[in-house]
Each structure stands twice: as structure tokens, then as C-alpha cells.
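A.B. asks: Can you read through this structure? Questions will come right after.
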Protein chains: 4
Amino acid sequence: MSHNTFGHLFRVTTFGESHGVALGCVVDGCPPGLALEAEEIQAELDRRKPGQSRFTTQRREPDQVRILSGVFADDRTGGRQLTTGTPIALTIENTDQRSKDYSEIRDSYRPGHADYAYDAKYGFRDYRGGGRSSARETAARVAAGAIARKVIPGVTIRAALVQMGPHAIERSRWDWDETGNNPFFCPDAETAKFYETYLDAIRKDGSSIGAVIEVVAEGVAPGLGAPIYGKLDADLAAAMMSINAVKGVEIGDGFASAALRGEDNADEMRASNDGRPAFLANHAGGVLGGISTGQPIVVRFAVKPTSSILTPRRTVTSDNRDVDLITKGRHDPCVGIRAVPVAEAMMACVLADHHLRHRGQVGS
Amino acid sequence: MSHNTFGHLFRVTTFGESHGVALGCVVDGCPPGLALEAEEIQAELDRRKPGQSRFTTQRREPDQVRILSGVFADDRTGGRQLTTGTPIALTIENTDQRSKDYSEIRDSYRPGHADYAYDAKYGFRDYRGGGRSSARETAARVAAGAIARKVIPGVTIRAALVQMGPHAIERSRWDWDETGNNPFFCPDAETAKFYETYLDAIRKDGSSIGAVIEVVAEGVAPGLGAPIYGKLDADLAAAMMSINAVKGVEIGDGFASAALRGEDNADEMRASNDGRPAFLANHAGGVLGGISTGQPIVVRFAVKPTSSILTPRRTVTSDNRDVDLITKGRHDPCVGIRAVPVAEAMMACVLADHHLRHRGQVGS
Amino acid sequence: MSHNTFGHLFRVTTFGESHGVALGCVVDGCPPGLALEAEEIQAELDRRKPGQSRFTTQRREPDQVRILSGVFADDRTGGRQLTTGTPIALTIENTDQRSKDYSEIRDSYRPGHADYAYDAKYGFRDYRGGGRSSARETAARVAAGAIARKVIPGVTIRAALVQMGPHAIERSRWDWDETGNNPFFCPDAETAKFYETYLDAIRKDGSSIGAVIEVVAEGVAPGLGAPIYGKLDADLAAAMMSINAVKGVEIGDGFASAALRGEDNADEMRASNDGRPAFLANHAGGVLGGISTGQPIVVRFAVKPTSSILTPRRTVTSDNRDVDLITKGRHDPCVGIRAVPVAEAMMACVLADHHLRHRGQVGS
Amino acid sequence: MSHNTFGHLFRVTTFGESHGVALGCVVDGCPPGLALEAEEIQAELDRRKPGQSRFTTQRREPDQVRILSGVFADDRTGGRQLTTGTPIALTIENTDQRSKDYSEIRDSYRPGHADYAYDAKYGFRDYRGGGRSSARETAARVAAGAIARKVIPGVTIRAALVQMGPHAIERSRWDWDETGNNPFFCPDAETAKFYETYLDAIRKDGSSIGAVIEVVAEGVAPGLGAPIYGKLDADLAAAMMSINAVKGVEIGDGFASAALRGEDNADEMRASNDGRPAFLANHAGGVLGGISTGQPIVVRFAVKPTSSILTPRRTVTSDNRDVDLITKGRHDPCVGIRAVPVAEAMMACVLADHHLRHRGQVGS
């Protein structure tokens, strides 16, 4: 079972390999009548695109998106291009593949990569650039996320890289507006400068480093989610864990809540003028019992360092011989950076899905 | 969309409320021909059952399971009861409901509970004991997990409470065999004694505390999982996050991997006699690229303290008035304890599901 | 993959065997706030119940339904029992099993039955009364259908047996009100009398006969369905074909439309006062392009004669020996009769599912 | 809920409109290691392609397929292109759209078409050539079917047009080898000649006519299917009913079985040398209890005449005014013809899906 689809009502099926002809996705379940232009999707893709600074892979990909279906510019509605409610197929052609870079890893399993796992599952693998296991697949998710945002117009989704290696940013220093001013999506100008020096050193060492990303959604209606398997936080956990190199996910206080006492963890409430409870804290990260409370949804996740490094590592070949391996090619010294727009896209997709489910359930 | 089903080929649908007639589940997709007796399911339920020590809720429930379908004791196969491949329905009747205990929370939203979120989603709620949001639902999961273990006979699944409040157990002290010797599923006898004193104090304060659980599966074949949404770690993250009060999940090194460099994080390999790579470390927790590597699967998750405490908390009523609320009733001072067998069950269900998917995919 | 669930948003999972402990279902996705009493479900079950006339199996089953979950009689809403939006589990205990009747077919494959197919799929089978392949499973569907009807309050669903053996009823003679006045759900009193004589002869011969059922839903909103795989007519076809012994399904003019010319088949329209088109014919049976038009949904299906007959038939044993077999036990001379309430239930479930999908899609 | 995916393990998601940029599909769940070239898919598409005779629409489409992902020509396996187990995306660009032909139906609902139903569901529609409701979507199914055939190598699937208008072909005259020798996929040369004259007259009248198609799969293993909703015949019924203009589906004797007595309908068996029962008849059409018996799977379905005809028909506009409408454009006088390769493709997809499910279930 391959299972390259996520979502239930807002369903995204992605396809494509790092060095194949093209990658893309089919978004099924998008409501009709939403204005959608390729340029809007392109703007999100441009944020994730590689080769924009020396801190991401030097692969040059225009990541030009093409909408194949599901939209229609009706002259009866002023010629604006609208979604029709039918599946929206998007493609992004690969242009800078340089397959020769990867010939050496054809027969060896890169430590920390999915090479051996793919061979164990499928019997063989497309070894060019990691094939389907490459982070290049996330371009399709970002494209889908741009559509998902249309489904939840009142919701603001923002993500930031809040820790690089052991260096977390103090929360008091965060300024969301700074994330667009540096190549790290870092919410603090001063830390961004530090990260620049820090990551340059790691890059020159031929090494790599991990990171922590936080993604926050504001303006989410209360009541999104479901009690058991369709829990909003369970879906968010799966969505973030499905991003390449992610090894941990937490909601609200997350692991820190293990050390809390009940009276400190409960988010107290007071009556408010709008008829909804006004919460006095958000330890829960906006989700209780698997259902949104109307507070900001706060998710954090850890990204491991890529294992594509210049230091030789011990490994084996597919015919079970010992070798030492250096992973050349073009790679990200901190893959966490490009995970930032991907995280926003996954949040958007999960919320769009639950938004549609909520309308289906309670009936609006 | 309610969505009370988890799994794809090994599918578990649970039902039931804390104070309803009964709870249970339907397990669909279990292969035929597996020996299955109610006693085996009962043994797992007895580990999770409330009221077994002063450290869990004092509700007395026999949690007696009944198999309604999907098994058959064929005289042609010696009269042993076997699964038939058709859906296995299990029920557990509720017997100790004391609904009167909950009448006071009928109109007020308990802070840190799902009360408000349920009202926002459904318009009204079964307020008796938390209804569907009660951890009582996890009894059905434990029952399903007992069946799931049958599907993956060579796999050993063990879980332990490895941190209570801020008190983590040093890994060098862990002894899995100890988990059965104390009421905390704690893998260290000495720490268990400390937890006894520690939790007694919290209980007497009318407070509660969080915890961290680790669950490990050994003997898992390499190749289980799928590249994108059906990732083994994404499914595990969703499964653990779907357990009541869980706020964070990590695989392998988890959040600690954010601070690692590539050369430290990559699990090196050497050739081995059995033809599979011998891994020299397990930072990855047994999953790479969403697919198992044959190493132990290591998952940890954080459980928040229950918000059912005797300290008055500020909240609002469903008609938007300020009140202060004490949650009486019978509760768990550390809900993390009873999450231990639930975690094992969820691990078993996810692995059983991927085990069946793997056979379907590659063909064995 | 066993797959005992049908529906997408209104999801019904059934379980149970002919001679097991109990059968039942879990209905997930039912909207909250619908008044639901066990008596209402019972009333539908009583229509399908065996042993009510000499024309159905003489097995005596009270088919008493029990609601285990998903409802709550809230004193704040006058104590009426309402659905809560959580899964509704229903059970019906088996009481009149007489397993001894079936011992002789333990090792032989009944011709026209699923015995051999089950062995081929599962390796062995619960041979008592057909196990899971028994039409007894349809009791669970009828129970689910009673809930489904609540979800689509303005819709009237009626079914009738319109042909027994080669004897079809002329459409000009149909009177829906007659279906409750005879043991055949026959819409014509005179034909019902003929069927009585006709079926008595077949029953006395130890034989059986096929039938055609028509089920019609009136008051269905236009716009229910989906363009490709979720087509309303495709879902209806699958739903009816999933009823035991059904071998053909048609919508509207069905097979007769193969002989029509385009100008005769197209349902013309005229403007109407309510803003919707007034259709001048209904060859399409209420569905165009997989989506409802607001016209009555008309579905017909053929039920084969049961193969449980007293005439000896040639067959083989599970160890591949030739034998001749008489199927004793208690059986239906015309299983099409009891398919009538089942067809109504399946129509209700499919429409409830699409009704919820439609609200999710377009937003109402 | 849009739902453009069919299948469970072998999952096909189609996209595209009649006059959009392109149409195509994503095939997810195809096992790895199957040799697959674009030319093989193209060969199937060429059979369905419009404009090949005067008896199908005069739209000229090369229907050139492009594989975007999921295959890899590994030099380690001799450079043959193999499936990798990851999703296979296929696109077919539209080239001959002539949107101007459709401007007149922008505001009027064509009788017998999905125009009104789409507006009722989605609020507006892509009116160019029927948009998503066009039979052009079936090109994507045929492409998917070519891949599905690879998954079930021992199975032979053949379809034929066996009735045009009221003119059925006597079964004694059928010769499958003839289907490739005439533009009707007709299994009898003489009838084909008659159809030529017959359909020419209809075409010249500006009219259209219905048809019946039979599709047969031989070499299907026993044991494919599932007892309740995943019944092989229910999935086949849904698959065929999901083809444009199909109004009825039957398996084996289908509607004729309603007139049979039990002793005539039961397919008797005798022991055989290969250990499987040898069936003496195939009234069941190869499926009993929703599971294959190893006999040929026989499915028939009725296709209505297209409503795109030159005879003026009464209808209404989207603003509820009476008009008379002639549907110009390029159309099929008998859409049943091009449904023949589509039916084969759907049969292949359903069998591939159940083949993979069966291996998952019983374990091979």
C-alpha cells in the first residue's frame, strides 16, 4: 500500500521523484467558486524554492507550477479564474537533475537516509537524488497548501525556525515580521545574524545541523476536529511527521507539559462579550479533546540534520559489503530552513480538511 | 465527520462513552486462522483497568470483554477458536457509572477539558464523565491491541513510564522487567519507590501531574511503512497523539536530534551475517524515510496532567457566566500511568496495519 | 482486506455471523441532535424479521435491537434521547441458532452459495448457517437505515417487490399503499393473491424463485452526488449489489434505455414557479452525471433464487470428492421478499451519506 | 466531497475536463518492479481514441500519454523501465478543444445531460464540452487500466458491444476475435455490417442510440473479493455504473435470474484434477457471496443514447426561462462503442485492486 494521499475531504495526492520528469499533486475536494491563479501558488513555491541563498541546496529549479484542471475562467463571472469543485491537478517539471552526481550511491546505502528502507520495502529504488524520499516532494505540498489557504480565508498561518542546532531563540525576542527578512525564516534579526555565521561554519565543515520549527494558526474557529482518530492534533502530528527529516512533534506546551501540575496546565476561562469563552492561557495549543477551542493552534517540530555530508561514514552496499561513503551532490546544511513553508502548507491543508468536515458534520 | 476508525487494512472502529451502556470496538481486516480467546484480550484489559491502586481513578470497572463475532471454534481444527477474517466485534459493559457525580459540571466548562470544544463542535454533549472524550474509550483500544499482537507474532512491544513530572529516569537504570512490579509501569524499582511518595503528595494536594511514556517494538521487519502519508512514523505519531492528554510525540532521538550534527545523527552500518545491514546506532528510532529499518521502533510521548483537580479554577458556563469550578468525581492523579498499556496497544495496531500493507504491497 | 464498512461521511460498519453470539453495526458520522429511540429502529427491524409468514425462513428471531452508545437523554433538552455525533453502536443477539441443522454442509460446498468462495479466500469458514455470508447480516443494515432516515427528514423512501419469477406486475396496477397489506411487499392486492398460490407451490416443491425489487426515493434535493467515483448512481449500484443474492441493478429506464433513441431518452424540462426546472419525464431515474436532479430516484434490482433447496444438486467436498447435496435447514423460498426493507435501508444510507457530503462540499 | 478516486489498494485518481489544459490520473499502489512503457498505455488509449471512424465524435485528439513519475529505467536491471512502487502520474494534453462550439449551451441546460445537476451541486460549471462530466475523462481510466493489467498478468479481459438499440447479437454467433475487425467492437462480422447501416441512418437523422456491453475476465483466481461492502460484484457494479451514460449493470445471469428457480440457478460442481471444483455452469458470473469462484467474471451494462442530438428539445435556461435547444458540436451517435475499452479498463482496475487486497488478506 503506497498511500500518497492525505486529508479526508480536502484530499491531496502527490507524485514525483527528485530526478523524474515532473512532480505535482491532485487536490480533490476543494470547494467551487474560489478565485485561484497560478501566480498565487507560484508565490508560495518561490518561498520554498532551492538555490535562493548559500544556506540551501545549490540545485537551481524554477519550480514553475502549471494548473491542468479544476479551474475555469467563466465570462459570466467577469472572467476571473475560479475553482470548479473538480480535482485540481498541478505539475512542476524538473529541470536541473544532474543524475550523474548520484551514480556513486547507486549501490551503497547512505546512513541516515531511506535507501536501505526503500530497498527493503520495494525491492529496488530510484536512487537518483533520493527518488521519492527526496524533500523535493514537498514542493507539491506547498502548492497544495496555497489552495488550502483559500478554503480558510479568515485564518492566518505563520511558521518560523525557532532553534538551529542547540541555539533556541528566546520567546521574548520573537517578531514574526522578521521571518521574511533573513534566509532562515528566523523571527529575530540578531539571532539571524548569529545563524549566518554558525551555519557558514557547519557548511564549510561539510556537515549539517538540525532545527526546530514552530507553526501557528490564528483565527481558527472552535469546533474543528473529531474525538478519536480524526483528532485535529493527531492529524497535525501526522502531517508534520510526514515532512522529511522530522523526528518529533508537539502541540502547545508539548513535552514541557509532562512536568506541569494540573492547576498550572489548565487554561482558565472568563466570559467575554462575543459569547465565546476568553481563555487566560494557551498551554493546550488551541486543541482540547482533539477539537479546536478557537485559541491559536501552536505546533512545534524537530528536524534532524541531513545525513548528506562530506565526512566519510561507515555503511554497506546492497550486496552486503562494508564501504565508507561520502555523500557529494548538492544538499541543505540545515534542511529545517526549507521546512518552514512546508509546515505552513501542511497546517493549511489539515485546517482546510477539518473546516470542510466541520461544515459537513454540524451543518453550519 | 466523526471518524472513529483508525488503520487502513487492520481497521479498528471504537464506540462508547464513559457513562453509556457499553463501549467496544469492531476490528476489521484481521487475517483468518489466528487463535483468539477472550481471556487473552482480558489479560491486556486487566493491565489498564482502573481502581487497581490508589494511583489511578477509584472507579471500579471489571472491564469484562465479550467477543460477539469474527471467531469460530471449528471441530475440524480441534475446536480451538480461530479468527475467521470477518469483523471481530468486542463489547465491554459499563457497570460503575455514578452519573450523579457529574451533575455539577453539566453547565460549566472544565478548564483543560474538552467540554467547550465538544459543545462548539456538536452543539451539545454527553457531560457524564466526559462522555466520548473520557479516557475510558482507551479500553476498546487495548482490546483491539490484543488482537493486533496476534497479527505480528515475532514482534515484542513494551512500554514504560519513564518520567513523572520533572523526574525522568536515567536510561542506565532501566530494566524492562521491573515494569510489572510497580503500579507505575516504571522500569526502575528505586524510582518507583520515589514516584510512590511523590504521587501520594500530589494526590493528597488534590492535584495531578504529567508524564512521559516510551514504547519500543523489537523484531519489526524492515520495509514496513510508505513514503508519504502512510509513513510509519506519521501513523505512529497520529496514533499516540490520539491518546487522551498526549501533547507531544517523538521517534528515536526526537527533539534532541535538532541539536545534532549530521555525522552524529546518521546511523552507520556494517555488513552482517544475516544479509541485513547491522546498524551501529539507532538515532532514527527504527524508521527512515517513513519505512522501518529492522531496528527497534522507539517512540516517546508526553502526557499532560489531568485538569480534573480539587483546586478551584476560573471558568465559564455554557451561557457565558463566570464561575469557579472544582472537579470532584474520581480521577487519575497521573493519567500517564494508564496510558502505558494503551501505548502498547496503539503500537501493535499500527504495526499490524503496516504488516498487512507490506504483504499487500510487495507480495511476500 | 475485509472491508465491512460502507459510506464516507455517514459510515456503517456491520459485524456478525448467522450463528454467532450477536450481530450489529456501528454508525459513525451521524449528525448530533437527532431524536432517536430504540423503538424506531425496532419498527424497521420488525418489517424484515424472519418467521412472520410461511413465505420466509421459519427461523424465529426476535431481532431485538440495543443501542450501546452515541445517544444521550439530556435533562436540559427535556430528556428526549438525542444522537450526540459520536458513533452509535447497535447489537442484535442471536437466539434461535440450531447449529445442528448445518453439520452436514460442513465439508461440502453448497452450489450457488459462497461456501467454496469463502474457503478460497479465507482458508476456512464458519459454516453454521452461512456464517458471515448469510442474509442475516442485513438486519444490521436495516437498523442503520432507520438512523439514516433521520438524517434526511424530507425524503420518502419506499420499496416493493414488483416481479416474482417471471411474473412482473403491470405498472398501471401499482399502489404503494398495498405493500403493507401482504407478506410480499407487493404493490397490487390481486397480484399478491396470485403470488401466494405461486409461491406455495414452489415452497412445497422444495424449490425457490427469484424476484425484482424497486426502490424509490422522493424529495431528494438536487445536487447530491459527485462526478466520478462518488457518483450517486455508482454508490447506489454498489449498495444494492452488496445485498445478498442480488445479480443486477438499474437506475431509471436501466437496460431498457439501450434500445432508446436520444430524443426519447432525454428528460425535457420546462420552467417552474419554484425556480427549479420541471422535468417532463424521468428516464434518468433522478440521476444525471452521477448527481441528483431533484426528480425521484428510481432503482431496480434482481434477486436470484436461493440455492438452499431440497432438490439434490451435484457438488464437491472440501477434499475434492463428488457428492450430491440437499440443503435442509430453514430457508426463504423467495429471498427477494426480505430484501425489500433492506433495499430501503441501503437507499437511506446512501442518501444520508451524500446529503452530508453535499453540505460539506457546497456549504449550504 | 468530490471523490475522484477509485480503488483501495490499487487507487486511481483522475482529473481533467473536456476543454481544460490536460487530463490524466495518478495511479497509487501499483506494485514495484513491473515493466511499463508509455507505448503500452498508448496502445490502449488508441483503441478508445475519438475520430477513428464516422461512428464516433469527430473531435481529433492524439491522446498522447506522458508518464511523469513512478517509473525508473535502472541500468542495474538492463535499463528496462520498471514501476518503483511510488505513484504513477499520467497526463494527456487536450489539443482539439474548439470551445466556440459550446457557447450556446452556456446558459441552457441540455436535457439528459449533467448541466443542471452540476449547477445544483457546485453553483456553477465549466460548460465547455461538458467539463468534468464529459466522457473524455474516460481516457484517464483507460490509461490506468493499462497499468492495472500489468498487476494481474494471468488474466484475460475482453469486452464487446453485444446490443445496439434493440438489436442484440445471438450468443451462438459471438466470436471474440471479430471485435477488432469492425468499428463497433462487435463480436460478429455479419451483425457489424448491419450495425453500420443502422447507425448511419441514426447519425444522419441527427439522433443517437443506446447499447449493451459485455465484459469478461478469464483466469481470475478464486478468493478475490470481500463479504460485505468490498464485494467484488459491488465494486464492479460501481465501476461500470461510474462510466458515463451507464444506467444498468448485471453479473452473470443478472436480471434473467429473477425468473429462475433455485435448481436451475445453482452452478453445480464436480471434482477436478487440479483440486479446484469444476463448475458445470456459470449463472453466477464468477462471483458468489461477493467473492470470485475462479470461473469467468461476466459483467454486462447498458449505455443510454447520448442526449446530444440535432432534434430540438424543450428545456430551461439557468435563469428559469423556457427554450428549445439543439445540441450541435461533435458527438457520438452511439457512446456505447467507446465504452468498450473503458469497460475493460475498469474491470482491470477492480481486479488489480482485489488481487492486491487478497494477497494482503490471506498472505499468499
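The values are calculated or read from the model by the stated rules, or taken from the named source; none is laboratory data. Being a predicted model, the structure only gives us computed values, none of them experimental. Backbone-built Cβ (ideal geometry, glycine too); neighbour counts: all protein chains shown. All accessible areas refer to the heavy atoms of the entire protein, side chains included, with ligands and DNA or RNA removed. Shrake-Rupley method; radii C 1.70, N 1.55, O 1.52, S 1.80 Å.
A.B. asks: When you go through (1) under 28 Å from residue B:298 (Cβ atoms); (2) under 12 Å from the mean Cα position of the chain (by Cα); (3) open to solvent by less than 20 Å² (accessible area, probe 1.4 Å) one by one for residue B:151, which number turns out not to apply?
C.D. replies: Of (1) under 28 Å from residue B:298 (Cβ atoms); (2) under 12 Å from the mean Cα position of the chain (by Cα); (3) open to solvent by less than 20 Å² (accessible area, probe 1.4 Å), only one is false for residue B:151: (2).
A.B. asks: Could you identify the single residue in C:159, C:140 that is touching a residue at least 60 places away in the same chain (Cβ under 8 Å) and assigned to a strand (DSSP E or B)? Walk me through it before giving the result.
C.D. replies: Working: C:140 fails: assigned to a strand (DSSP E or B).
Matching residue, one of C:159, C:140: C:159.
A.B. asks: Only one of B:79, B:112 is on the phi > 0 side of the Ramachandran plot, in a loop (DSSP other than H, G, I, E, B), touching a residue at least 24 places away in the same chain (Cβ under 8 Å) and within 14 Å of another protein chain (Cβ to nearest Cβ); which? Steps first, answer last, please.
C.D. replies: Details: B:79 fails: touching a residue at least 24 places away in the same chain (Cβ under 8 Å).
Sole residue among the options that is on the phi > 0 side of the Ramachandran plot, in a loop (DSSP other than H, G, I, E, B), touching a residue at least 24 places away in the same chain (Cβ under 8 Å) and within 14 Å of another protein chain (Cβ to nearest Cβ): B:112.
A.B. asks: Just one of (1) at pLDDT 95 or above; (2) within 30 Å of residue A:12 (Cβ to Cβ) trips up residue D:39, so point out which.
C.D. replies: Exception for residue D:39: condition (2).
A.B. asks: Since residue C:311 meets every condition but one in (1) open to solvent by 10 Å² or more (accessible area, probe 1.4 Å); (2) over 26 Å from residue D:261 (Cα atoms), which condition does it not meet?
C.D. replies: (2)
A.B. asks: Follow-up. Step by step: first the residues of region C:103-130, then only those that are of a type in the set (Lys, Arg) and more than 12 Å from residue D:267 (Cβ to Cβ), then the one that is surrounded by the fewest Cβ atoms within 10 Å (Cβ to Cβ). Which residue is that? Break it down into steps so the answer makes sense when it comes.
C.D. replies: So the first thing to find is which residues in region C:103-130 are of a type in the set (Lys, Arg), and the list is C:106, C:110, C:121, C:125, C:128.
Filter once more, keeping what is more than 12 Å from residue D:267 (Cβ to Cβ): C:106, C:121, C:125, C:128.
Values: C:106: 15, C:121: 27, C:125: 29, C:128: 22.
Checked region C:103-130; the qualifying residue surrounded by the fewest Cβ atoms within 10 Å (Cβ to Cβ) is C:106.
A.B. asks: Identify the residue in region B:175-206 that is part of a loop (DSSP other than H, G, I, E, B) and over 23 Å from the mean Cα position of the chain (by Cα) and, among all such residues, is farthest from residue B:343 (Cα to Cα).
C.D. replies: Just the residues of region B:175-206 that are part of a loop (DSSP other than H, G, I, E, B), to begin with: B:175, B:182-188, B:205-206.
Pick out the ones that are also over 23 Å from the mean Cα position of the chain (by Cα) and you get B:205-206.
On the way: B:205: 28, B:206: 26 Å.
Top of the filtered list is B:205.
A.B. asks: Restricting attention to region A:255-281, which residues are under 24 Å from residue B:205 (Cα atoms) and either of a type in the set (S, T, N, Q) or in contact with a Lys or Arg (Cβ under 6 Å, 6 or more places away or on another chain) (or both)?
C.D. replies: Step one: of region A:255-281, the residues under 24 Å from residue B:205 (Cα atoms) are A:255-269, A:280-281.
Residues satisfying the conditions are A:257, A:265, A:266, A:268.
A.B. asks: Does residue B:240 satisfy being touching a helix residue (DSSP H, G or I) at 6+ places or on another chain (Cβ under 7 Å) and at pLDDT 95 or above?
C.D. replies: Details: touching a helix residue (DSSP H, G or I) at 6+ places or on another chain (Cβ under 7 Å): yes; at pLDDT 95 or above: yes.
The answer is yes for residue B:240.
A.B. asks: Continuing with this model, one more query. Identify the residue in region A:279-330 that is charged (D, E, K, R) and facing chain B (nearest Cβ under 7 Å) and, among all such residues, is nearest to residue A:241 (Cα to Cα). Spell out the reasoning first.
C.D. replies: Initially, region A:279-330 is screened for residues charged (D, E, K, R), giving A:300, A:304, A:313-314, A:319, A:321-322, A:324, A:328, A:330.
Next cut, facing chain B (nearest Cβ under 7 Å) only: A:304, A:313-314, A:321-322.
Working: A:304: 12, A:313: 26, A:314: 27, A:321: 32, A:322: 31 Å.
If we take residues in region A:279-330 being charged (D, E, K, R) and facing chain B (nearest Cβ under 7 Å), then A:304 is nearest to residue A:241 (Cα to Cα).
A.B. asks: Of A:262, A:275, A:223, A:230, which residue is at the interface with chain B (Cβ under 7 Å from one of its Cβ atoms), surrounded by fewer than 20 Cβ atoms within 10 Å (Cβ to Cβ) and more than 23 Å from residue A:168 (Cα to Cα)?
C.D. replies: Within the list A:262, A:275, A:223, A:230, the selection yields A:275.
A.B. asks: On to the next question. Only one residue in C:9, C:23, C:34, C:45 is aliphatic (A, V, I, L, M), away from chain D (no Cβ under 14 Å) and crowded, with 21+ Cβ neighbours inside 10 Å, so which one is that? Break it down stepwise before answering.
C.D. replies: On the way: C:9 fails: away from chain D (no Cβ under 14 Å); C:23 fails: away from chain D (no Cβ under 14 Å); C:34 fails: crowded, with 21+ Cβ neighbours inside 10 Å.
Every option except C:45 fails the conditions.
A.B. asks: Which condition number in (1) touching a strand residue (DSSP E or B) at 6+ places or on another chain (Cβ under 7 Å); (2) more than 8 Å from chain B (Cβ to nearest Cβ) is the one that residue A:197 fails?
C.D. replies: Checking residue A:197 against (1) touching a strand residue (DSSP E or B) at 6+ places or on another chain (Cβ under 7 Å); (2) more than 8 Å from chain B (Cβ to nearest Cβ), the one that fails is (1).
Conditions tested, residue by residue: (1) out of contact with any helix residue (DSSP H, G or I) (no Cβ under 8 Å at 6 or more places or on another chain); (2) open to solvent by less than 20 Å² (accessible area, probe 1.4 Å); (3) closer than 20 Å to residue B:130 by Cβ.
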| residue | (1), (2), (3) |
| --- | --- |
| B:297 | no, yes, no |
| B:304 | no, no, yes |
| B:318 | no, no, yes |
| B:323 | yes, no, yes |
| B:326 | yes, no, yes |
| B:333 | no, yes, yes |
| B:348 | no, yes, no |
| B:358 | no, no, no |
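A.B. asks: So is residue C:206 within 8 Å of another protein chain (Cβ to nearest Cβ) and at positive phi or not? Spell out how you get there, then give the answer.
C.D. replies: Numbers: within 8 Å of another protein chain (Cβ to nearest Cβ): no; at positive phi: yes.
When the stated conditions are applied, residue C:206 does not pass them.
A.B. asks: Return the residues of region C:154-165 that are open to solvent by less than 70 Å² (accessible area, probe 1.4 Å) and within 24 Å of residue D:256 (Cα to Cα); say none if nothing qualifies.
C.D. replies: Those that are open to solvent by less than 70 Å² (accessible area, probe 1.4 Å) and within 24 Å of residue D:256 (Cα to Cα): C:159, C:160, C:161, C:162, C:163, C:164, C:165.
A.B. asks: Could you check residue C:218 against (1) in contact with a strand residue (DSSP E or B) (Cβ under 7 Å, 6 or more places away or on another chain); (2) within 14 Å of chain D (Cβ to nearest Cβ); (3) surrounded by fewer than 19 Cβ atoms within 10 Å (Cβ to Cβ); (4) of a type in the set (Asp, Glu) and say which number it fails?
C.D. replies: For residue C:218, the exception is condition (2).
A.B. asks: Next question. Which condition number does residue C:208 fail, the rest of (1) in contact (Cβ under 8 Å) with a residue 60 or more places away in the chain; (2) hydroxyl-bearing (Ser, Thr, Tyr); (3) open to solvent by 10 Å² or more (accessible area, probe 1.4 Å) being met?
C.D. replies: Among (1) in contact (Cβ under 8 Å) with a residue 60 or more places away in the chain; (2) hydroxyl-bearing (Ser, Thr, Tyr); (3) open to solvent by 10 Å² or more (accessible area, probe 1.4 Å), the lone unmet condition for residue C:208 is (3).
A.B. asks: When you go through (1) under 12 Å from residue B:222 (Cβ atoms); (2) modelled with pLDDT under 95 one by one for residue B:273, which number turns out not to apply?
C.D. replies: Result: residue B:273 fails condition (1) only.
A.B. asks: Now, a different point. Answer yes if at least one residue in region B:166-179 is open to solvent by less than 10 Å² (accessible area, probe 1.4 Å) and not acidic (Asp, Glu), and no otherwise.
C.D. replies: Of region B:166-179, the ones open to solvent by less than 10 Å² (accessible area, probe 1.4 Å) are none.
No, every residue in region B:166-179 fails to be open to solvent by less than 10 Å² (accessible area, probe 1.4 Å) and not acidic (Asp, Glu).
A.B. asks: Quick one: is residue C:95 of a type in the set (Val, Ile, Thr) and away from chain B (no Cβ under 13 Å)?
C.D. replies: Yes; evaluated as a whole, the condition is true for this residue.
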